[in-house]
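Taking it in order: structure first as structure tokens, then the write-up.
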Amino acid sequence: MVPHPHRGVVELFFDGLNAHRANEKRTPKNWEMSEGGFRCNQRYLALSESFAYPEENVILYQHIVSERDGVEVYRFWTHLFSEHMIRESVHSGGFSSCDCVTDVLPPQK
């Protein structure tokens with residue numbers, strides 16, 4: 001925590017993906033054909049896959065969506081954080097204290 005000059009203590013809360021069990025966060029290759037809905041209002045075919053880059057602590061979720069008007073590629077880069085990485089970033093940002101809580105969600109069934 002870092003003191004704020006006018007209000008006392010400032011607390012920062014954020015949610016991140018834990019680098020622990022990174023392979024569980026990948027998604028299998030998948031394809032979806034729809035008459036319209038989530039991605040667009042017309043018929044489309046979506047091809048999805050994820051790629052892990054463990055040396056960079058990154059997972060790429062890629063979706064290729066083909067519809068009557070053409071093809072679009074959507075890429076979502078997800079950075080995974082270790083507790084050490086979070087503490088290092090927080091302290092370098094001027095905060096003097098950092099508490100990390102993991103596995104706050106119930107296990108998936």
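The values are calculated or read from the model by the stated rules, or taken from the named source; none is laboratory data. Here the structure is a predicted model, which means the values were calculated and not measured. Glycine gets a Cβ as well: all are built from the backbone with ideal geometry, and neighbour counts include every protein chain shown.
Brief remarks follow.
- Where Ile86 falls short, out of the listed (1) modelled with pLDDT of 90 or more; (2) surrounded by 15 or more Cβ atoms within 10 Å (Cβ to Cβ); (3) within 19 Å of the chain's Cα centre (by Cα): (1)
- Any hit, region 67-77, residues being surrounded by 15 or more Cβ atoms within 10 Å (Cβ to Cβ) and among the hydroxyl-bearing types (Ser, Thr, Tyr): no
- Under the condition of being touching a residue at least 24 places away in the same chain (Cβ under 8 Å) and either outside any helix (DSSP H, G or I) or in contact with a helix residue (DSSP H, G or I) (Cβ under 8 Å, 6 or more places away or on another chain) (or both), the residues counted in region 70-102 number 10.
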